[in-house]
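Read the structure below first, then the notes.
Values quoted throughout were computed directly from the atomic coordinates according to the rules given, and no laboratory measurement underlies them. Just so we're clear, the structure is a prediction, and the values are computed from it rather than from any experiment. Here Cβ is always computed from backbone atoms with ideal geometry, including for glycine, and neighbour counts include all displayed protein chains.
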Amino acid sequence: MPLYTLNINGEKMQADVAEDTPLLWVLRDHFRLTGTKYGCGIGQCGACTVHLNGNAVRSCLMPVSSVQTGAITTIEGLSENGDHPVQQAWEEVDVPQCGYCQAGQIMTAAALLKRNAKPSVNEVVNTMNANICRCGAYHRIREAVIVASKKI
Amino acid sequence: MSTGYKASRRNFLKISSLTGGGLILGFSWLESEAEVTAIINTSNFAGNLQFNNYLSIGTDGIVTIMSPNPELGQNIMTSFPMIVAEELDADWTKVKAVQAPLDTKAFDRQLTGGSGAVPHSWKRLRQAGAAARQMLIDAAAKKMNVMNNEFTTENGFVIHKSGTRFSYGELAEEASKLPVPTDVKLKEVKDFKLIGTRVKNVENRKIVTGKAGFGLDFYRDGMVFATIQRPPAFGSKIKSVDDTAAKAMPGVTEVVRFGNNVAVVGKSTWEIFKAKKVLKIEYEHDSKLESTADHQAIFTEMMSSDKPQVKRKDGNVDAAFASAAKVIRNEYQCPFIAHSPMEPMNFFAHVREDGIELVGPLQLPASSRAAVSKLLNVPEEKITVDITRLGGGFGRRLKSDYVLEAAELSSIIKKPVKLIWSREDDMMGGSYRPAVRYRFEAALDASGNLIGYKLRGVGINVGNAVREDNFPSGAVENLLIESVDYQSPITTGAWRAPITNFLAFAEQSFIDEVAKAAGKDPFTFRNELLEKAKTSPVGAVKYNPNRFQAVMNEVKKRSQWGEKKGVHQGFSVYFSHASYVAQVAEVAMEAGKPVVKKVIAACDCGVVINKSGAEQQVKGGIVDGYGHAMFGKLSFKDGVPQESNFNNYRLVRMKEIPEVETWFVENEIDPTGLGEPALPPTGGAVANAIFKATGTRMKNQPFIEEPLFNKPPVKSSVKPSGKPA
Ligand code: FES
Ligand code: FES
């Protein structure tokens, strides 16, 4: 099997895996970065969202071979002390219920705010619509993204 | 009111024996001699002094409170410690909540389901906090050599009337050596400082940094990964297995057949998922393979069955219907739905020679342990169970099927194994909310009074399809409630707010119809019935009409019922899982289609413990109730579920949610749960609002399949907001 050298949260990490292995499972099984979640495996729920060069991508659909030298950021690497404005806002608004979807929600929101620091509520809803929260914490997710945008 | 509750030794022992052998929460030391030192086991809390099974206080003042019940998003890891901390007068910033492993000796009712945790543990938790507080005071009294009634406590300090203050940390060691008080006084509700405030989820930090540790996140060096191919059709079994190709796939260590399962075991999740796809298995059916169309016929047949289970019978319905001025009759139906917790089923098991280790997300850890003990014939004392955080449950994790699979597989391959269900496995693997049909009939007299009421509930693997003592039972002179069940190979289970998640929709829609037929406002109509339940009850009344009316009045006021322009309002109210919730849904017409804009909810769950958590439960419950009423459906063809993942099984998303306003009726009644009660009323409120807006009654879930939602779009006739559409 090919050996892949990936750039994860600013560190070089190596995995000896089949080329079609989704980045999600490389992160989880091989690097034990378990903050990135498996929800559907088909790009529908967003639980597996990570950043590739700053853009939100679905790691369940991204074969490890396509990552190349791209900079991957996972929830563990979003901020050094867990204090990214989005993370702060999530705590402030007390968003999580079961919490399982939240890493993906946070990564989606952080990527949105990176490209558009002051999104309208509509823009927030249109972007966050891609992520499912089975617990239905949507009201607070929406609010927290707006709160975060004010911190940036 | 729950003040001055006496925690006498005899009282505890009595309660203990009632709960079937388990010792009372937080007070297991009461069984031993009262003078015994209260430090039981400090191994989990290096440097901490354990006061009882609930809490330990470190010399640094950190209060560690054990959270015995599984956490799945109902926020119990926050609300339970809040209750203890309230009576302890702890400094909340120094409180640490820790998930306890399964320990039936230390805790009882260590489960999550039925919204029952708070009502069950309310007093026990308070006593645990109050007893420790008393011990701290006693330690201070001893130190100063004065009477213990000269002290107060506040925010982590014991304060003498002279002004001398001791932190809990400095008293901890001394206090833990004192005898445990057998009579502690609990606070008055009005004196609560922490309870009733907004306290944030104690696990937020871990969750937002990706460190919360769900079942799927549990890894153990040397473990193998496993995925199971189960029969795709309910009612089928394995005829033959060809695993040659699967075994040859990279990373696969073994392929094991047990029962009707074929497990692919290997070194990583992706490798076993891939290998599973090349298994060649032939199946044969051992019973009829059912399709959704068959279920329709089965429902119809059960509706005319002459052997229903009679669940409640008051008066003489035949006579009432014969003399009625008006008879209303309608049927409502819902399909199977999956639980779809965001974290699919998974479990870790390690069956060793000397015992078994189980780790994973469980709602009912004790019964999972008992099931594994029975299956593998290993005594329960040799089985440890660690409960991880649950990525949702919704009732699915009350079952032990995935635990048994992992344990059996580990016992066969003699390795620590982590079993992972794919989303498809999770959705197609059974244990659904049962499909149900209800038929309601109402008899009105000439002045629009409800003189007769009949309900027949029929379902597929539903057990009892009705809740015979729910409203309006007790308020109608002549009443008949029946249930019919059909045994199917399709497995079913408890789904958040079992039965009432759909029954409430059907009942509240029907009552709306009857009120209309009686020419009465839906509030007035229900109020008349509730008055009757109060003044001349018929048979047993198992709800509190006053509490019903209180939430109705609250929601009426908050929604400005009947006064708003531009929206169509629908009302519903329901009592389930010991809490009362009334809701008004508001619908506006947009592009010729009804759009649910807002839901206003008024709840009575007694004393609200955590305002933030409570609001979240209500909002989440409403989004869930709305989402599944609108979109939820799992159908079958020849025994095989036709929906397999979120591309064809629609879950509600952010764009579709209505705004939600949450109100709580304030009282001093002992608290009841909120994980479920806000869900049942939503479908009915929404359906009644849709009826107001369009004249069309939603009779079947999911609503989205009603022709109303599938008309070709017309040009929007919506005027600017605030004006009637
Ligand atoms: S797991 Fe990747 S989108 Fe659902
Ligand atoms: S918080 Fe549970 S799925 Fe979003």
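Values for this structure:
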read-out: Karplus-derived 3J(HN,Hα), 6.51/-1.76/1.60, for each residue of region B:577-584, Hz, glycine and proline x; value: 6, 6, 10, 10, 9, 10, 9, 10
read-out: DSSP bridge pairs, the protein assembly as shown: antiparallel proportion in percent, nearest 5; value: 75
read-out: Student exercise, chain B dipole from Lys, Arg, Asp, Glu Cβ charges, in Debye to nearest 20; value: 1400
read-out: Net charge of Cβ neighbours under 10 Å - reference residue B:278; Lys, Arg +1; Asp, Glu -1; value: +3
read-out: Long-range HN-HN contacts of residue B:636 with modeled amide H, under 5 Å; value: B:292, B:642
read-out: Dipole magnitude of region B:145-212, debye to nearest 20 (Cβ charges: Lys/Arg +1, Asp/Glu -1, about Cα centre); value: 520
read-out: Per residue convex hull volume, Cα atoms of region B:219-276, in Å³; value: 88
read-out: Over 29 Å between alpha carbons, listed pairs B:532/B:556; A:12/A:118; A:150/B:597; B:211/B:415; B:280/B:415; value: A:12/A:118
read-out: Rg(Cα) / (2.2 N^0.38 Å) computed for region B:266-403, rounded to two decimals; value: 1.67
read-out: Rounded D (µm²/s) - region B:197-305, Kirkwood Rh over Cα pairs, Stokes-Einstein at 4 °C, 1.567 mPa s; value: 73
read-out: Relative contact order [Cα under 8 Å, 6+ residues apart], region A:3-78, whole percent; value: 39
read-out: Value of [θ]222 nm, deg cm²/dmol, for chain A, DSSP H segments ≥ 4, -39500 (n - 2.57) each, nearest 500; value: -9000 deg cm²/dmol
read-out: Interchain or long-range residues, amide H under 5 Å from residue B:663's placed H; value: B:601, B:602, B:603
read-out: Shape box of region B:403-534 [Cα atoms, principal axes, largest first, Å]; value: 73, 26, 26
read-out: Alpha carbon convex hull of chain A, volume per residue in cubic angstrom; value: 97
read-out: Computed over the protein assembly as shown, Kirkwood Rh from alpha-carbon pairs, angstrom; value: 29.0
read-out: Principal axis box of chain B, alpha-carbon based, largest edge first, Å; value: 80, 72, 54
read-out: CD proxy at 222 nm, helix term only [per DSSP H run n ≥ 4: -39500 (n - 2.57); per residue of chain B; nearest 500]; value: -9000 deg cm²/dmol
read-out: Chain B: relative contact order in percent, alpha carbon pairs under 8 Å with at least 6 residues between; value: 14
read-out: Alpha-carbon centroids, region B:578-643 and region B:137-197: separation in whole Å; value: 44
read-out: Among beta bridges that DSSP assigns inside region B:436-710, antiparallel share in %, nearest 5; value: 65
read-out: Given B:454/B:598; B:247/B:277; B:206/B:274; B:276/B:374; A:37/B:274, the pairs whose alpha carbons are separated by over 22 Å; value: B:454/B:598; B:206/B:274; B:276/B:374
read-out: Cα principal axis extents for region A:54-113, largest first, Å; value: 38, 23, 18
read-out: For region B:266-326 and region B:395-425, distance of Cα centres in Å; value: 26
read-out: Rg ratio (alpha-carbon, reference 2.2 N^0.38 Å) - region A:1-44; value: 1.16
read-out: Kirkwood Rh in Å, taken over region A:85-149 so that all alpha-carbon pairs contribute; value: 11.3
read-out: For region B:436-710: relative contact order, % (alpha-carbon pairs under 8 angstrom, 6 or more apart); value: 20
read-out: Region B:558-691: Cα Rg divided by the 2.2 N^0.38 Å rule of thumb; value: 1.15
read-out: Proximal charge balance of residue B:456 [Cβ under 14 Å; K/R count +1, D/E count -1]; value: +1
read-out: Per-selection metrics, region A:3-78 (Cα): Rg and Dmax in Å; value: 10.8, 29
read-out: Ranked B:295, B:628, criterion: other C-beta atoms within 10 Å, fewest first; value: B:295, B:628
read-out: DSSP bridge orientation in chain A - percent antiparallel, rounded to nearest 5; value: 85
read-out: Cross-link pairs beyond the 32 Å C-alpha cut-off, checked among B:237/B:311; B:123/B:143; B:520/B:619; value: B:237/B:311
read-out: Residue exposure sequence - B:441, B:353 - by fewest surrounding Cβ within 10 Å; value: B:353, B:441
read-out: Summed residue charge, Cβ within 14 Å of residue A:15's Cβ, Lys/Arg positive, Asp/Glu negative; value: -2
read-out: Lys/Arg +1, Asp/Glu -1 at C-beta; region A:85-149 dipole; positive extreme among A:110, A:126, A:88; value: A:126
read-out: Radius of gyration and Dmax over the Cα atoms of region B:436-710, both given in Å; value: 18.1, 54
read-out: Ranked list, fewest to most other Cβ atoms within 10 Å of each Cβ, for B:400, B:240; value: B:240, B:400
